[in-house]
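Working notes for the structure below.
Please treat every number below as a calculation from the coordinates, not as lab data. None of these values were measured; they are calculated from a predicted model. So basically every Cβ, Gly included, is an ideal-geometry build from the backbone, and we count neighbours across all protein chains shown.
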Amino acid sequence: MTIAIIASLGTAGTEALLAYLVKPLLDGIFIDKNMSLLKLMPALIIGVYFVKGVFRFLQVYIMRYIGQKVVEMLRNDLFEKIINLPLNFFNTTSTGVLMSRITNDVNLVQQSMQTIISILRETLTVIGLAAVILYMDWKLALITILCYPFLVHPLITISRRLRRLSRKDQEMMGGLSSILQEAFSGIRIVKAFTSEKKEIDKFAETNAMAVKYVIKSIKTAELSSPLMEFISSLGFAAIIYFGGVQVINGTSTPGTFFSFLAAALLVYRPIKSIGNSNNTIQQAIAASERIFGILDVENSIVANNGNIICDAKNKDIKFHNVCFKYEGTEKLVLNEINLNIKAGQQVAFVGSSGAGKTTIANLMPRFFDITSGSIMIDGTDIREFDLKSLRTEISIVSQEPFLFNDTIANNIAYGKNIDVPKEDMIEASKAAFADDFINEMPQGYDTEIGERGIILSGGQKQRLTIARALLKNSPILILDEATSSLDTESERIVQKALDNLMKGRTSLIIAHRLSTILDADMIVVLNENKIEATGKHEELLKTSKTYSRLYKMQFNME
């Protein structure tokens, strides 16, 4: 940046020098017929332009380099910030908007970097040329300077409007990204419900709004140029008249006047350039506000990170008076949950939809923090553990298996920070009943499975996520309705894989199908956000109305 500023000073200095050279060019060569000066002047002009070119190249190249590095750092910082934010943030912010922040908004900031240094260069050029003007004729210079206040006020007004319009435009671009992300992610649903026209109309409406704000920005930005030209023309007219009078009266030479006029004309170009840069700067300011709006979001979970390394192997888990409500709401999702889970137990959570089963699964790895009470592992509150070490001790297999657009091997090894031996991967795959179908793939474990594992069936996807959990080998396991979306045959195979996975682990099972948890060590029945009853299957059929009703509904019993 220092080199770029020095180069800008050099560019501005050579610009002022060129304006000054008009005086000796006219007076010395064309009026005084000075041959020595004539021989010197071409070399001097060539030299000045050469130096100006070197300075200009350095300034532009270095600033573009800086701009790209700023973009790289901003994107990295943004992604790091976003990826570490708690789940509650993602529940309230669309993916498309976040993508727009990292791509569109950061690009606008990057574009402004070149503009900022251009403004610096042009400002220095204006200062240099102003010095030439004052040196040549301070009276005419005052006439020129008097025009500037009339340029500043409309520029400030236009700037405010441009920033407001830019902010709206960027919001619309975020909306466009959100619509695109939803439409492409849910393309099967769109086509299944023949809703292409609905999505097209939604996109077209938001796109039209975005274009509307862009057009308003263009109209506002382009208004500044003719306005500045007109105000400047008043100053030029006055300079030509009063300067001409001085030359005719003999109080000034043609060389001095034309050198002054050249400097005055040259000073107009950087001023106009500064005015034209205003649109880019206002867009960048609006984009920066949105970017730093994300960077400044407080991450309460990371802020409350403990420093104890978690070791949950063969350790009991205790829920003590746990209450939870989502941020910004008053209704408790969980109310006074008290539960003791012995190491190695298989504990199933059942209840009607909305009873709080999945919320319990989300609280254990601190995807959300409890509102009051405590969750303890071996007597230590989980908030006192280092967050990364806590989550390392927990494996999750969810209802909707998520796989990355990568190879089978990399998906199984996801979450391991070291190179995984092929033997360990194969062993985990065999335990998950996945090795056979993997070996039938074109490249085996090196097969690319596409976005979200598009080339695999639902059961195959779930077995890969089970293999991933087996390879992670965490002592605590959370199964969030892991078989509820599978057909009977796939469920049978996946259930076998889950049985292998649960061996020797403390398992928290969020159950949709009661048939999968009949042999659980303990079943926890949730009703209206509280624990209604705990026990084994046969016991709960007699003691829990909710459990009995759910069981009868699923097994068609009177």
Burial ordering of 555, 367, fewest other beta-carbon atoms within 10 Å first:
555, 367
Please determine, in degrees from 0 to 90 and to the nearest 10, the orientation of helix 254-276 with respect to the longest principal axis defined by the Cα atoms of the chain, where the helix direction is its Cα long axis.
10 degrees
What is the order of 302, 322, fewest Cβ neighbours within 10 Å to most?
302, 322
Return the long-range amide H neighbours of residue 533 (sequence gap of 5 or more, or a different chain), with a cut-off of under 5 Å between placed amide H atoms.
525
Per the helix-only calculation at 222 nm, which mean residue ellipticity applies to the chain, given -39500 (n - 2.57) for every DSSP H run of n ≥ 4 and division by its residues, nearest 500 deg cm²/dmol?
-21000 deg cm²/dmol
Among 183, 426, 165, whose Cα sits farthest toward the positive end of the charge dipole of the chain (+1 at Cβ of Lys/Arg, -1 at Cβ of Asp/Glu, about the Cα centre)?
165
Using the Kirkwood formula over every pair of different C-alpha atoms, what hydrodynamic radius in Å results for the chain?
29.8 Å
The chain: antiparallel DSSP beta bridges as a percent of all, rounded to 5:
45 percent
What are the ³J(HN,Hα) couplings of the range 82-87, residue after residue, when phi is run through the Karplus curve with 6.51, -1.76, 1.60 and θ = phi - 60°? Round to Hz, x for glycine and proline.
5, 5, 8, 6, x, 4
So how strong a dipole does the range 370-472 carry about its Cα centre when Lys and Arg Cβ are +1 and Asp and Glu Cβ are -1, to the nearest 20 debye?
220 debye
What is the ratio of the Cα radius of gyration of the range 308-393 to 2.2 N^0.38 Å, with N the residue count, to two decimals?
1.07
Hull volume per residue for the range 374-434, using the convex hull of the C-alpha atoms, in Å³ is 139 Å³
Alpha-carbon gyration tensor eigenvalues x 5, square-rooted, for the range 248-366, Å
74, 17, 11
Applied in sequence order to the range 382-398, the curve 6.51 cos²θ - 1.76 cosθ + 1.60 (Karplus, θ = phi - 60°) yields integer Hz couplings, x standing for Gly and Pro, of 5, 6, 8, 7, 4, 4, 5, 5, 4, 5, 5, 7, 10, 10, 10, 10, 9
Set Lys and Arg Cβ to +1 and Asp and Glu Cβ to -1, take the dipole of the chain about its Cα centre, and tell me which of 515, 117, 95 lies farthest positive.
117
May I ask you to give the average projected area over all directions of the convex hull of the Cα atoms of the range 29-142, in nm² rounded to one decimal?
11.9 nm²
Toy charge model, Lys and Arg Cβ at +1, Asp and Glu Cβ at -1: the chain dipole around Cα centroid in debye, rounded to 20, equals 1680 debye
Sequence neighbours fewer than 8 away in the same chain don't count; with that in mind, list the lysines whose C-alpha is under 19 Å from residue 552.
536, 542
Working from Cα positions, state the angle (0 to 90°, nearest 10) between the long axis of helix 278-295 and the longest principal axis of the chain.
30 degrees
Residue by residue, what Karplus-based ³J(HN,Hα) values in Hz, rounded to whole numbers, does the range 61-66 have, using 6.51, -1.76 and 1.60 with θ = phi - 60° and x for Gly and Pro?
4, 5, 5, 5, 4, 4
Round to the nearest 10 and give me the degree value, 0 to 90, for the angle of helix 138-185's Cα axis relative to the longest principal axis of the chain.
20 degrees
